[in-house]
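Laboratory data are not the source of any read-out in this text; all were calculated from the coordinates shown. Everything numeric in this text was worked out from a predicted model, so none of it was measured. All Cβ positions, glycine included, derive from the backbone under ideal geometry; neighbour counts span all protein chains shown.
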Amino acid sequence: QKRAAQRPIKLKIEKEEKQMAAIDQRLTEIDERMADSSLYESGKEELEALILERAKLTSEKEECEERW
């Protein structure tokens with residue numbers, strides 16, 4: 001019974017961990033792209049989109065960490 005009661009909690013924790021891992025992976029991709037100097041020379045729209053996406057993902061990650 002104790003295991004059955006803990007199961008939903010464990011599943012929720014696993015879900016949050018998977019979501020945080022996915023966010024971390026995307027943040028790494030964004031950071032790598034933003035490290036490319038050519039982005040700053042010609043890709044203003046892309047740069048703005050990456051900055052906005054990074055801010056959104058950072059916020060989502062913080063929310064996940066709070067729930068976790």
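Elements of the type helices (runs of 4 or more DSSP H) sitting completely within the chain and holding at least 3 residues that are free of Cβ contacts under 8 Å to residues at least 40 places away in the same chain and of a type in the set (Lys, Arg): these cover 2-34, 44-67.
Looking at this structure, is GLU66 within 18 Å of the chain's Cα centre (by Cα) and either surrounded by 11 or more Cβ atoms within 10 Å (Cβ to Cβ) or not small (Gly, Ala, Ser) (or both)? So GLU66 passes the test.
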